[in-house]
Each structure stands twice: as C-alpha cells, then as structure tokens.
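Values in this text are rule-based calculations from the coordinates and carry no lab data. The shown structure was predicted, so the numbers you read here are calculated from the model rather than taken from an experiment. So basically every Cβ, Gly included, is an ideal-geometry build from the backbone, and we count neighbours across all protein chains shown.
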Amino acid sequence: MARESIGDLNAFLAVAQERSFTRAAARLGVSQSALSQTVRNLEARLGVRLLTRTTRSVAPTEAGERLLRGVGPKLDEIDAELASLSELREKPAGTIRITSTENAAEAVLWPALKTLLPNYPDIKVEIVIDYGLADVVAERYDAGVRFGEQVARDMIAVRIGPDIRMAVVGAPSYCARHPPPRLPQDLTHHHCINLRLPQHGLYAWEFEKDGRELRVRVDGQLVFNTTAMILDAAVAGFGLAYLPEQQVEKQLASGELLRVLENWCPPFSGYHLYYPSRRQHTPAFALLVDALRYREPSPSRA
C-alpha cells in the first residue's frame, strides 16, 4: 500500500474508535463529507467493507475489527516515535491521555498537574473518568490509574500514592435509625448505596480480617456510577456507603458521617499509574511520571 494511505488508515481508525463520523471529523479537524469519502476510497482500494453504517451508528465490520486491532497499535507506536522528537525542543510538549477513577483523579492526578503544568505550557493532559478498567492500548490512552492489585502483569506500574483503606460510612440520621453492623454479613439487612461498574455489574464490598476475606453483595434504593454521588447520598442519610477513606476524611472529622466495620477494612496497595512497557514515551510523559511518583515521607526527627 502506498505511503499516502497512512492518512487514510488514520481516518478509518478515528471513525472506528469514535463510532461516529461526526466525532471523528471533529477529532481530525476535517469535514464529515471529506472523512466519509476518504474511508470509502480506502474500502475501494482494499476491496472490503470496513464499516457498517446506519442512520444512528457506525461500527467496524469483521474486516474493520481486524484492521483496528492489527494496525491501530502500530500507528500508535509511529505517533509516539514522532512525538519523541520533541526531545529536540527546548520544552517538552504533546498531549497525554489518562484513564482514571474519580477519586484518583481528584486526590492524586490533579494536585500533581496543578504544580507541573504551569511550568510546561506546551503539555496538554486529557483525563477520562472510567471505572471499567479500560484497555489502555486498545483505547489509545497513554496510561491509566488503578489500585495496584488491579494492574495487569504485562504493564509497567508506578506507585503514585500511599496505601489506601476503604471505609463503610453512614450519616448520623441513618445510624440513629439502624443498629450498626458488627460483621460484614450484617450489611445485607441495611440500606446500602451501590456502585455500578461498566461490564462488571454492581460492585461487591470487600472485607478482610485475620486472614479471612469476604465479598458482600449489598442492596438499597440507590445505585450510581460515580463515587461523588454515593458520598452525597450517604451524607443525606440514604444508607451506608463503601468509599476510599481519603474521600470521606472531612465528613468523618466534621461528624457528617460515622464509620462502622473499621476493623474489617485493612490497608491495601494504593493508586498506581500503569502503561505498556513496549511503548516509546515522550519527554512530556516522562515528566508526568516523575511528578506523580510516590515518595515515602521522610521520618520526622524528634
């Protein structure tokens, strides 16, 4: 295939990833009609249909899926190699895309970015909140943030935060109406606020004590897909919530929330930044990794 076809492949990949000619055209900075013609020309040269088009959606055909899986990562590597030439510039530059949970973005990513970005105006960062454990390679992210135990073994993982504990919390108004649970199993008799994970359903609350591990499926009136909404509902007295301790510190200190089952929530591996080992990373990405890297606090001197 002629080298000029690389641009046509990029056009196809944008549409296949966005599942929309409109969004892909905006991403590439071209008109929708020009993008559609480019994809049709590519299909004509290959002799196969790559996309199934309807009035409401666009989806890759079997051939399109094969091209997406086979060519997409290779073009990503080419883009990364070209971007690495920014080492020749006076200042690092480029866009970094990160997938993260809400709490990690607020507690770890944003504090680091507030310090880093003012010094490097040519670096752009896009953070996408997602609880679905996204495939960073397939979905064209530079990196993801998850708990250490959730990171796949074929990824490089950099610790970016301290150990974390979960907390089961409820408003004083709720706790006054319901006897506190003494064991995790008691939660089945309580109103609990659930978190729904993409592709995984309702999240089962996890507990451990004396080497005994439990996962409890809870029930209640409310289900959310963001922890911020769960926290608001817990403060409003709608039931018990299971949230990172760090996220509820202020509410516990002020008395807006009370804690139960604390001895069933031991610390575990905190947030890690993970990314593919084979990808050539830009100076901008290296700067971000260094800014995020967790460093143990120095012991205080008496």
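In the range 1-82, a dipole from Cβ-located charges (positive for Lys and Arg, negative for Asp and Glu) runs towards its positive end, and of 61, 9, 26 it is 61 whose Cα lies farthest in that direction. Sequence-distant contacts, meaning Cα pairs under 8 Å at least 6 residues apart, place the relative contact order of the range 135-249 at 32 percent.
Quick one: net charge around residue 128, please, counting Lys, Arg +1 and Asp, Glu -1 for every other residue with C-beta under 10 Å from its C-beta. My count for the surroundings of residue 128 gives -2.
Relative to the longest principal axis of the Cα atoms of the chain, helix 62-83 runs at roughly 90 degrees. Calculated on C-alpha atoms, the gyration radius of the chain divided by its Kirkwood radius gives an Rg/Rh of 1.05. Annotation note: trypsin sites (Lys or Arg not before Pro) in the range 171-229 located in DSSP loop regions with a Cβ neighbour count of at most 13 within 10 Å are 182, 217. One decimal place: the segment residue 290-residue 37 gains 86.7 nm when fully extended, by the rule 0.36 nm per residue minus the C-alpha distance.
The distance between label points at residue 54 and residue 74 comes to 3.2 nm (points 7 Å beyond Cα on the Cα→Cβ vector). Per-residue packing, averaged as other Cβ atoms within 10 Å, sorts the ranges 141-148, 6-13, 30-37 into the order 141-148, 6-13, 30-37, beginning with the highest. Using a simple spin-label model with pseudo-atoms 7 Å out from Cα toward Cβ, residue 183 and residue 124 lie 5.6 nm apart.
With the simple spin-label model, which puts each label point 7 Å out from Cα in the Cβ direction, the residue 27 to residue 173 separation comes to 4.4 nm. Here the range 151-302 is treated as a Stokes sphere of Kirkwood radius computed over C-alpha pairs; at 20 °C and 1.002 mPa s its diffusion coefficient rounds to 122 µm²/s. Relative protection proxy for 236-246, 110-120, from highest mean packing down: 236-246, 110-120 (other beta-carbon atoms within 10 angstrom).
On the basis of the beta-carbon distance and an R0 of 25 Å, residue 200 and residue 115 show a calculated FRET efficiency of 0.15. Adding -39500 (n - 2.57) for every DSSP H run of four residues or longer, then dividing by how many residues the chain holds, sets the calculated 222 nm ellipticity at -9500 deg cm²/dmol. Remark: relative contact order (the chain) = 22 percent; criterion is Cα-Cα distance under 8 angstrom and separation of 6 or more residues.
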